[in-house]
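The values are calculated or read from the model by the stated rules, or taken from the named source; none is laboratory data. Note that the structure is predicted; figures quoted are calculated from it, not measured. All Cβ positions, glycine included, derive from the backbone under ideal geometry; neighbour counts span all protein chains shown.
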Amino acid sequence: MSYLIKSLVITLSILLSATAFAHNTNTSYYGSKFHGKRTASGSIFNMNSLTAAHRTLPFGTKVQVTNKKTKQSVIVKITDRGPFIRGRILDLSKAAAGQINCQLCTTTMEILSYGDGRYRRE
């Protein structure tokens, strides 16, 4: 492997391992309409599990979401793509939204670990 490629791999590893933090994220939830259907990651959506949809984060990424009003937090795994409503950044499963008392709320989002982004047919 050339020096340039090694340097690029090391730089990307450092960037991906760094914790990312987003302020004032508009968050909503989705539930029964999609329950039991396949997500973009290939897994079956369960509205009772702690999952979320994000437009660009790799599948499997773990994110801590905190409701700015109530200060309640939940850790979710990105398993789907969305939301597709302008101005929203994250769609939580019904269970995750319930844990932080959020139907449509302002949250902060901290990336705890990045997933591998792989499609999984579970």
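For the reader, a short list of remarks on this structure follows.
- Residues in the range 24-39 that are touching a residue at least 24 places away in the same chain (Cβ under 8 Å) and on the phi > 0 side of the Ramachandran plot: ASN24 alone.
- When the range 39-49 is filtered for residues that are under 14 Å from the mean Cα position of the chain (by Cα) and more than 21 Å from ILE85 (Cα to Cα), only SER49 remains.
- Enumeration of residues in the range 80-103 that are in contact with a helix residue (DSSP H, G or I) (Cβ under 9 Å, 6 or more places away or on another chain) and surrounded by fewer than 18 Cβ atoms within 10 Å (Cβ to Cβ): GLN103
- Evaluated against (1) among the hydroxyl-bearing types (Ser, Thr, Tyr); (2) surrounded by fewer than 16 Cβ atoms within 10 Å (Cβ to Cβ); (3) at pLDDT below 95; (4) within 16 Å of the chain's Cα centre (by Cα), SER13 falls short on exactly one condition, (4).
- Failed item, numbered, when THR107 is tested on (1) without any contact (Cβ under 8 Å) to a residue 12 or more places away in the chain; (2) assigned to a strand (DSSP E or B): (1)
- Subset of the range 66-122 [on the phi > 0 side of the Ramachandran plot and touching an Asp or Glu at 6+ places or on another chain (Cβ under 9 Å)]: GLY82
Yes/no per residue for (1) among the polar types (S, T, N, Q); (2) within 18 Å of ASN26 (Cβ to Cβ):
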position	(1), (2)
SER49	yes, no
ASN67	yes, yes
GLY82	no, yes
ARG86	no, yes
LEU90	no, yes
ASN101	yes, yes
LEU104	no, yes
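- SER49 meets the stated requirement of being surrounded by fewer than 21 Cβ atoms within 10 Å (Cβ to Cβ), modelled with pLDDT of 95 or more and of a type outside the set (A, V, I, L, M).
- Close contacts from the range 87-100, counting a first residue that is β-branched (Val, Ile, Thr) and a second that is modelled with pLDDT of 95 or more and crowded, with 24+ Cβ neighbours inside 10 Å, with Cβ to Cβ under 7 Å and a gap of 6+ residues or different chains, come to ILE100/VAL65.
- Residues that are modelled with pLDDT under 85, surrounded by fewer than 13 Cβ atoms within 10 Å (Cβ to Cβ) and either under 25 Å from TYR119 (Cβ atoms) or in contact with a Pro (Cβ under 6 Å, 6 or more places away or on another chain) (or both) within the range 17-46 comprise just one, SER17.
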